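Worksheet: the structure to be examined is printed underneath.
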Amino acid sequence: MISCEEDFNPYGDYFERFAFTCVLKSEQNYQTATLFKSYRPDGYDPNTYTEDPSVIGADIRVWYNDSVFVFRDSSVARVDTSRYKTPFRFYYNDKFKVGNRKTIELEVLLPNGKRLRSSSVTPGQIQFDDDSDALIPAGSSSIVQVIWNELDEGTFFSPRMTIRYKQNINGEIVDMTKDVPYRYVNQGGSEIPVYPPSSALAAVVYDLSAITKALEEISAGDPNKQNYSVHQKIIFTTAAFDLPTSRYVSSTGGTIDDLTFNVDVSDYTNIEGGFGLFGSYSKRDYTRLRFMEDYIESFGYNFIVEN
C-alpha cells in the first residue's frame, strides 16, 4: 500500500538511453548527425525539463567505400529558446556523399564507454521513364505525370516540383521559388494545398489545376503581373530512401524535411544499443519538364527561355 507520505514515481525505474539520428545524403558532402540522452522530468510534464539533452564528446564514425569518416561536433544558435536556452548541438562531416547500392556502417562510442551500432545499404539509382510528361500543359491533358523505376521492395520515394521565378521588388530583381502541390482540397470553403506524400509509388500525378493555382499564388495581391518572370525549366526531384529510412517514413508519415536533425525514436529504431535512425537517401533530377510559353504568358508573366 502506498501512503501519502511515500514517494511516488509516475515513470517507474529510470534507465539512461541514447537516441542517434543520421540520414546520409547523395547530393551534397555535408552530412549531419544528432545524439541525445533520455531524461526524467520532475513531474508529468516533460516540458518542465529544460536542461539540453544533447550528448557531446562522442566518437562517431561511418564506414563507406573502404574509408572511415569521423564526425566533428558543432553548434548553431537555437531558433526556439522557449525550452532550451543553449545552442543546438550536432555532429557533422563535410568530406563525403553516398552513391547507389553501397554498404554504410556506423559506430558511436559514447562518453560513458558504451557503443551504438547500425548498418544499411544505400538505395539504387532512380531512372525516369520516357513516358513521363515533358511539357506543362501536356497537350489537352488535365494532369502532369512523372514516372520512374521501382527499386527494392519497400523503398519509399519523395517527389517534389518547384517553380523558379524572378520578382521585381521596388526595382530589385529577386530570385524566388515555390513548391507545387499535386492537388488542392476544399476545407471549410478554403482551398488547401496538398503536397505529394512519401510513398512506395514510383510515379506522381499532378492536377494541372493545382499547378495553375500555384502559379496564380506567386503574384496574389499584386495587380502588376509584369513584375514576375517565370523560368521555362521546372525543378523536379525524386528522393529514394534506403529501407530503414523507408520503414521510418512509412510508420510516421514523415517527409524528407523531417529527417534533417531528429526523428521520433518512439516510432522506429534501427540502432543497436540505443534508439533512432541511421540511413540514407539518394536524389535524382528530372530535367525534361518545361512550361509552355503561351501558358505562362496567359498569367501576364514574362517567360524566361532556357536551353
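The values are calculated or read from the model by the stated rules, or taken from the named source; none is laboratory data. Model, not experiment: these values are computed from the prediction. Don't worry about glycine lacking a Cβ; one is built from the backbone with ideal geometry, like all the others, and counts go over all protein chains shown. Side chains are part of the model used for accessible areas, which takes the heavy atoms of the whole protein and leaves out ligands, DNA and RNA. Shrake-Rupley method; radii C 1.70, N 1.55, O 1.52, S 1.80 Å.
Below, the figures for the structure above:
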read-out: Filter result (over 20 Å from the mean Cα position of the chain (by Cα) and on the phi < 0 side of the Ramachandran plot) within the range 151-175; value: Asp152, Glu153, Tyr165, Lys166, Gln167, Asn168, Ile169, Glu172, Ile173, Val174, Asp175
read-out: Qualifying residue in the range 161-169 (condition: assigned to a loop (DSSP other than H, G, I, E, B) and either open to solvent by 10 Å² or more (accessible area, probe 1.4 Å) or of a type outside the set (Val, Ile, Thr) (or both)); value: no
read-out: Whichever residue in the range 61-87 is over 24 Å from Val98 (Cα atoms) and without any contact (Cβ under 8 Å) to a residue 12 or more places away in the chain and, among such residues, is surrounded by the most Cβ atoms within 10 Å (Cβ to Cβ); value: Arg78
read-out: Candidates Val98, Val185 - the one that is open to solvent by less than 50 Å² (accessible area, probe 1.4 Å), of a type in the set (Val, Ile, Thr) and without any contact (Cβ under 8 Å) to a residue 24 or more places away in the chain; value: Val185
read-out: Among (1) modelled with pLDDT of 95 or more; (2) surrounded by fewer than 19 Cβ atoms within 10 Å (Cβ to Cβ); (3) under 20 Å from Ala239 (Cβ atoms), the one test that Gln31 misses; value: (2)
read-out: Within the range 121-155, considering residues that are open to solvent by 60 Å² or more (accessible area, probe 1.4 Å) and among the hydroxyl-bearing types (Ser, Thr, Tyr), the one farthest from Ile211 (Cα to Cα); value: Ser140
read-out: Scope the range 278-307; condition part of a loop (DSSP other than H, G, I, E, B) and closer than 28 Å to Phe157 by Cα; matching residues; value: Tyr286, Thr287, Arg288, Leu289, Met292
